[in-house]
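**Q** Got a structure for you, questions after.
The values are calculated or read from the model by the stated rules, or taken from the named source; none is laboratory data. Source: prediction; values computed, not measured. Glycine gets a Cβ as well: all are built from the backbone with ideal geometry, and neighbour counts include every protein chain shown. Surface accessibility is based on the protein's heavy atoms, side chains included, excluding ligands, DNA and RNA. Shrake-Rupley method; radii C 1.70, N 1.55, O 1.52, S 1.80 Å.
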Amino acid sequence: MADPSSYRPKPGQIPDSPGVYKFRDEHRRVIYVGKAKSLRQRLANYFQPLASLHPRTATMVTTAASVEWTVVSTEVEALQLEYSWIKEYDPRFNVKYRDDKSYPYLAVTMNEEFPRVQVMRGHKKKGVRYFGPYAHAWAIRETVDLMLRVFPVRTCSAGVFRNAASAGRPCLLGYIGKCSAPCVGRVTPEEHRELAEEFSDFMAGRTGTYIRRLEKQMMLAAEDMEYEKAGRLRDDIEALRRAMEKSAVVLADATDADLIALAEDELEAAVQIFHVRGGRVRGQRGWVTDKVEAVDTAGLVEHALQQLYGEESGDAVPKEVLVPALPEDAEAVTAWLTGRRGSNVSLRIPQRGDKKDLMTTVARNAQQALLLHKTKRASDLTTRSRALEEIAEALDLESAPLRIECFDISHLQGEDVVASMVVFEDGLPRKSEYRRFQIKGFEGQDDVRSMHEVIGRRFRRYLAEKEKTGEWDPEGVVEDPEETGRPKRFAYPPQLVVVDGGQPQVAAARRALDELGIDDIAVCGLAKRLEEVWLPGDDDPVVLPRSSEGLYLLQRVRDTAHDFAIRYQRSKRTKRIRTSPLDEVPGLGDTRKRALIKHFGSVKRLRQATIEQICEVPGMGRKTAEAVVVALAQAAPAAPAVNTATGEIMEDDGGGTA
């Protein structure tokens, strides 16, 4: 591990101008590439005290043994040079987006004498027009099959083309009218190329011209009583419309745009891109990447733009690129995209309308992709086994923690304080064992004290069940004959307790177990900010490797507990807001409360009613009516409910709940 001060450039050596810099390790391998408006200011940030650096940045500068830079004249040149160096050196500490699969494209080989329509994957070739990417190759073939009725372009391989030409007979597609058969001279090379150009124009979104032209030809054929020709044209129009329907219409017809959305956590980021051409979603792609460098959403967007358009040019770069956050050097990135396209490109965040709605859909896809990625990792048996072994090794446990319980505290500004307990067995969630707690021991906000209370209550129940049933049953099933005979959930002891938090929460959990005399259950905490694992009594955290399956499992357990606690806290808050003064009336059940609300329309109007008017409600006697009047008089009018999404005050006159 190198000391950054050993290779820090001397003051005045670094120029105060735009440029690109490289960090190299002791073997002269490039481990990080970055760009800057001012090399002097940016590089100075890397040579601060290690304690003030982000952990990933600190790891990089201590792995490096030297730094060098190249001065450029503009920020756009810096962006281009950074991209080319990342592609050339593949630095280990740079975020690198890699597709999780090779997406298929619909390609038209305009670089051949007789252009061919086919499915292509991999690197793009010069002189070939690409459309997509598509999620599945069969979707391309379905689209092509529909369009060959109108644009009978060659689809055969070079070998089949040569064989047909030497035999003087076209293939089956030539006989059924889905190929113009240039192999046997039915059309000239110029006529076939024109067909390929029309096919490409249609796929690029210029659809209205061809539909209108075919409709005009169909009407003329019908007027001339050429009904067979008119029928064929009608079928052609229907085929084109079916091909168009395979791409959802989402924006105005002239819209060419790419929408990029991100979903991220501390360790990974998922990217989703929707390609909109001619107002229709023509393709979709996405991938998940490790966050190997300290980078925010804007930085991830910049890396994604470099990955998407670094080797593209012309129409492959759309007129409009919509992103969730603008890169730090948005003007430079826009200028770079404009240079790649050859005309103006708009880079912006959608604020309203259809584009913002579609961006929400793209973001939802990114979130699902990240969740699916994590679920796949968690569902793999080998991966789960390795994760448990890594946790046992990192925490110095005697065996793998087959049962893990995680606790989290949730509240809203000190109100409705609740806690959650989630259970993972063999690395998978056991939802039937999840538990929820209300904090009863004190009022107000104190996460540490709340954690102590919850851990104490949970394990007092465990000791009570153990005492009731005798020694622990190795089968793990403790019957409760007084109730339903189902196992008592608190009777299962975990091998590991995880708390959401750092040193204070871990110390509180350990203290609660020690007070109960429990010393055979391990405790650790996972702090959100840096994903550090804390152990009781340790001054320094355990830092698991970024790619550790054990860290992924602990993170998933923690996040599950957090979500479960938030859902419970929200439900309590909603229930508290909806509480009615009628709940305090003795002997007034739900049926009669509903009858009162239905009769008067709201609690507000019921409060204005007389005893005689209340007695008119079926089932209401005078004594109960008097109790209702007293309860409503004693209760202060509730504050108006507020729609948290819109800020709208919801009037009580329109109805109420009992």
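**Q** How many of the residues making up region 58-79 are of a type in the set (Val, Ile, Thr), open to solvent by 30 Å² or more (accessible area, probe 1.4 Å) and either more than 16 Å from GLN306 (Cβ to Cβ) or touching a His at 6+ places or on another chain (Cβ under 7 Å) (or both)?
**A** Adding up the residues that qualify gives 5.
**Q** Something else: May I ask you to say which residue of SER157, SER180 is out of contact with any Lys or Arg (no Cβ under 7 Å at 6 or more places or on another chain) and either small (Gly, Ala, Ser) or open to solvent by 50 Å² or more (accessible area, probe 1.4 Å) (or both)?
**A** SER157
**Q** How many residues are open to solvent by less than 20 Å² (accessible area, probe 1.4 Å) and either of a type in the set (S, T, N, Q) or within 20 Å of the chain's Cα centre (by Cα) (or both) if we restrict to region 314-324?
**A** 3
**Q** Answer with yes or no whether GLU311 is in contact with a His (Cβ under 9 Å, 6 or more places away or on another chain) and either part of a loop (DSSP other than H, G, I, E, B) or open to solvent by 20 Å² or more (accessible area, probe 1.4 Å) (or both).
**A** Judged against the criteria, GLU311 is a match.
**Q** Ok, one more. Taking THR591, is it in a helix (DSSP H, G or I) and touching a helix residue (DSSP H, G or I) at 6+ places or on another chain (Cβ under 9 Å)?
**A** Against the criterion (in a helix (DSSP H, G or I) and touching a helix residue (DSSP H, G or I) at 6+ places or on another chain (Cβ under 9 Å)), THR591 does not qualify.
Residue by residue, here is whether (1) over 17 Å from the mean Cα position of the chain (by Cα); (2) under 26 Å from LEU554 (Cα atoms) holds:
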| position | (1), (2) |
| --- | --- |
| ASP258 | yes, no |
| ALA261 | no, no |
| LEU267 | no, yes |
| VAL288 | no, yes |
| ASP296 | no, yes |
| LEU305 | yes, no |
| GLU312 | yes, no |
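**Q** When you go through VAL30, VAL61, VAL20 one by one, which is the residue that is within 11 Å of PHE93 (Cβ to Cβ), of a type in the set (Val, Ile, Thr) and touching a residue at least 60 places away in the same chain (Cβ under 8 Å)?
**A** Sole residue among the options that is within 11 Å of PHE93 (Cβ to Cβ), of a type in the set (Val, Ile, Thr) and touching a residue at least 60 places away in the same chain (Cβ under 8 Å): VAL30.
**Q** Could you grab the pairs with beta carbons closer than 6 Å, sequence gap of 6+ or different chains, first residue in region 380-406 and charged (D, E, K, R), second one at pLDDT below 85?
**A** ARG384/GLY427; GLU389/ALA400; GLU390/SER548; ARG403/GLU425
**Q** So the check is Cβ under 7 Å with 6+ separation or different chains; which pairs have a first residue in region 36-50 that's touching a residue at least 12 places away in the same chain (Cβ under 8 Å) and a second one that's loosely packed, with under 15 Cβ neighbours inside 10 Å and part of a loop (DSSP other than H, G, I, E, B)?
**A** Pairs found: SER38/ASP16; LEU39/PRO15; ARG40/PRO15; ARG40/ASP16.
**Q** How do the pairs read when you match residues in region 507-524 that are farther than 21 Å from LEU388 by Cα and in a helix (DSSP H, G or I) with residues anywhere that are open to solvent by less than 40 Å² (accessible area, probe 1.4 Å) and not hydrophobic (A, V, I, L, M, F, W, C), using Cβ under 6 Å and keeping only pairs 6 or more apart or on different chains?
**A** So the pair list comes out as ALA512/GLY456.
**Q** Taking region 284-298 as the search range and keeping residues that are in a loop (DSSP other than H, G, I, E, B) and either among the aromatic types (Phe, Trp, Tyr) or out of contact with any strand residue (DSSP E or B) (no Cβ under 8 Å at 6 or more places or on another chain) (or both), which one is modelled with the lowest pLDDT?
**A** VAL292
**Q** Further question on the same structure: Within region 238-264, can you find the residues that are modelled with pLDDT of 75 or more, surrounded by fewer than 20 Cβ atoms within 10 Å (Cβ to Cβ) and among the β-branched types (Val, Ile, Thr)?
**A** Correct list: THR255 only.
**Q** Look through LEU337, LEU370, LEU358 and report the one residue that is without any contact (Cβ under 8 Å) to a residue 40 or more places away in the chain and of a type outside the set (Gly, Ala, Ser).
**A** When all the criteria are applied, what remains is LEU337.
**Q** Does any residue of region 172-189 turn out to be at pLDDT 85 or above and closer than 23 Å to ARG280 by Cα?
**A** no
**Q** If the Cβ limit is 7 Å and pairs must be 6+ apart or interchain, which residue in region 296-309 that is within 13 Å of ILE273 (Cα to Cα) pairs with which residue that is assigned to a helix (DSSP H, G or I) and open to solvent by 10 Å² or more (accessible area, probe 1.4 Å)?
**A** TYR309/ARG340
**Q** While we're looking at this one, here's another question. Restricting region 107-126 to residues that are part of a loop (DSSP other than H, G, I, E, B) and within 22 Å of THR188 (Cβ to Cβ), which is most open to solvent (accessible area, probe 1.4 Å)?
**A** GLU113
**Q** Consider only pairs whose beta carbons are under 6 Å apart and that are at least six residues apart or on different chains; among these, list those whose first residue lies in region 418-433 and is without any contact (Cβ under 8 Å) to a residue 40 or more places away in the chain and part of a strand (DSSP E or B) and whose second residue is open to solvent by less than 50 Å² (accessible area, probe 1.4 Å) and of a type in the set (Lys, Arg).
**A** Correct list of pairs: GLU425/ARG403.
**Q** For region 335-354, enumerate the residues that are open to solvent by 30 Å² or more (accessible area, probe 1.4 Å), modelled with pLDDT of 85 or more and not aliphatic (A, V, I, L, M).
**A** THR338, GLY339, ARG340, ARG341, GLY342, SER343, ASN344, SER346, ARG348, GLN351
**Q** Please verify whether region 20-42 includes one or more residues that are out of contact with any strand residue (DSSP E or B) (no Cβ under 9 Å at 6 or more places or on another chain), in a helix (DSSP H, G or I) and either farther than 30 Å from LEU544 by Cβ or at pLDDT 85 or above (or both).
**A** Yes, some residue in region 20-42 is out of contact with any strand residue (DSSP E or B) (no Cβ under 9 Å at 6 or more places or on another chain), in a helix (DSSP H, G or I) and either farther than 30 Å from LEU544 by Cβ or at pLDDT 85 or above (or both).
**Q** Could I ask something else about it? Within region 571-618, take every residue that is among the hydrophobic types (A, V, I, L, M, F, W, C) and closer than 28 Å to VAL417 by Cβ and give me the one that is modelled with the lowest pLDDT.
**A** Result: ILE577.
**Q** OK, next. Out of GLU194, GLU215, GLU228, which single residue is open to solvent by 30 Å² or more (accessible area, probe 1.4 Å) and either farther than 30 Å from LYS319 by Cβ or of a type in the set (Ser, Thr, Tyr) (or both)?
**A** Only one candidate qualifies: GLU228.
Results for (1) surrounded by 16 or more Cβ atoms within 10 Å (Cβ to Cβ); (2) under 30 Å from GLN272 (Cα atoms), shown as yes or no for each residue.
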position: LEU371; (1), (2): no, yes
position: ASP396; (1), (2): no, no
position: PRO401; (1), (2): yes, no
position: ARG435; (1), (2): yes, no
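**Q** Checking the structure you have, find out if any residue of region 20-28 is open to solvent by 20 Å² or more (accessible area, probe 1.4 Å) and in contact with a Phe, Trp or Tyr (Cβ under 8 Å, 6 or more places away or on another chain).
**A** no
**Q** Sort out which residues of region 525-543 are among the aliphatic types (A, V, I, L, M), in a loop (DSSP other than H, G, I, E, B) and farther than 16 Å from CYS406 by Cβ, and write them in order of number.
**A** LEU530, VAL543
**Q** Within region 367-409, how many residues are assigned to a helix (DSSP H, G or I) and either modelled with pLDDT of 85 or more or within 17 Å of ALA270 (Cβ to Cβ) (or both)?
**A** The qualifying residues number 20.
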